[in-house]
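Right, one structure below, let's go through it.
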Amino acid sequence: MRVNEIFYSIQGEGKFTGTPAIFIRFAGCNLVCDFCDTEHRPYREYSEDEIMREIADYKAGHIVITGGEPMLQLTSSFVDKLHRAGKFVQVETNGTQPIKENLSIDWITCSPKFDFCRNAELKLQHIDELKVVYQKQDMSVYDHIKAKEYYLQPCDVKDEARNEAILSAAIDYIKLNPKWRLSLQTQKILKIR
């Protein structure tokens with residue numbers, strides 16, 4: 001498996017914000033988003049057992065598998081190893097790759113990118129948490145997507161004034177559409193990974 005990094009921190013986004021978590025960030029993605037904060041190179045090739053050894057000393061029971069796009073590499077044997085080690089497995093995906101039926105993922109966070117990338121068609125049958133990167137776009141394209149929870153995450157465009165305008169617009173949208181909740185990138189606010 002091509003791994004960009006493995007680290008221990010707290011989940012900064014969505015439902016599990018504040019939860020201690022072990023992050024496994026896979027390298028590589030099938031999309032190119034201009035706001036992506038993942039460096040896809042360098043990466044290291046790991047076996048499943050090497051990853052298990054790498055995470056063994058971290059106390060958290062929550063695993064976040066992210067990327068890039070984790071569904072390009074994630075295997076049922078690896079998810080099974082994580083479960084046997086007593087881990088709760090959350091996957092953050094762009095939703096363009098179907099999740100194989102034999103993957104027993106505990107929580108699927110989908111952040112669609114069809115507002116930002118060509119060929120970003122949603123192919124998931126099940127979504128626990130829909131997390132939309134918000135830049136004041138037309139939200140009607142998300143009306144048909146079924147999920148347990150819905151989050152708007154203001155896009156960090158690396159410009160303070162624009163970020164404030166996007167945050168303000170997100171709050172206004174949520175107040176008018178209360179099925180949505182606000183997800184801030186608290187890891188950036190706290191200046192942690």
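The values are calculated or read from the model by the stated rules, or taken from the named source; none is laboratory data. Bear in mind that the values here come from a model prediction, so they are computed numbers and not experimental data. FYI the Cβ positions are ideal-geometry reconstructions off the backbone, even for glycines, and counts take in every protein chain you see.
Please list, ordered by first then second residue, the pairs with beta carbon atoms under 6 Å, 6 or more apart or interchain, first in segment 75-89 and closer than 16 Å to TRP107 by Cβ, second assigned to a helix (DSSP H, G or I) and hydrophobic (A, V, I, L, M, F, W, C).
Matching pairs, first to second residue: VAL89/VAL79; VAL89/LEU82.
Only residues in segment 36-60 that are at pLDDT 95 or above count as the first member; pair them with residues that are part of a helix (DSSP H, G or I) and among the charged types (D, E, K, R), Cβ under 7 angstrom, at least 6 apart or cross-chain, and list the lot.
These pairs meet every condition: GLU48/LYS81; MET52/LYS81.
What are the residue pairs meeting all of these: first residue in segment 102-125, first residue under 24 Å from VAL79 (Cβ atoms) and buried (at least 16 other Cβ atoms within 10 Å of the Cβ), second residue among the hydrophobic types (A, V, I, L, M, F, W, C) and at pLDDT below 90, Cβ atoms under 6 Å, and 6 or more apart or on different chains?
LYS113/LEU31; LYS113/CYS33; LYS113/ALA120
For LEU82, indicate whether it is in a helix (DSSP H, G or I) and surrounded by 22 or more Cβ atoms within 10 Å (Cβ to Cβ).
yes
Give the residues of segment 129-150 that are farther than 16 Å from ASN94 by Cβ and part of a helix (DSSP H, G or I), sorted by residue number.
MET139, SER140
If you scan segment 104-121, which residues turn out to be more than 21 Å from LYS15 (Cα to Cα) and at pLDDT 90 or above?
none
If we keep just the residues of segment 129-162 that are touching a Ser or Thr at 6+ places or on another chain (Cβ under 8 Å) and either modelled with pLDDT under 95 or among the β-branched types (Val, Ile, Thr) (or both), which is surrounded by the most Cβ atoms within 10 Å (Cβ to Cβ)?
VAL132
State yes or no: is TYR173 surrounded by 15 or more Cβ atoms within 10 Å (Cβ to Cβ), within 19 Å of the chain's Cα centre (by Cα) and farther than 24 Å from LEU74 by Cβ?
no
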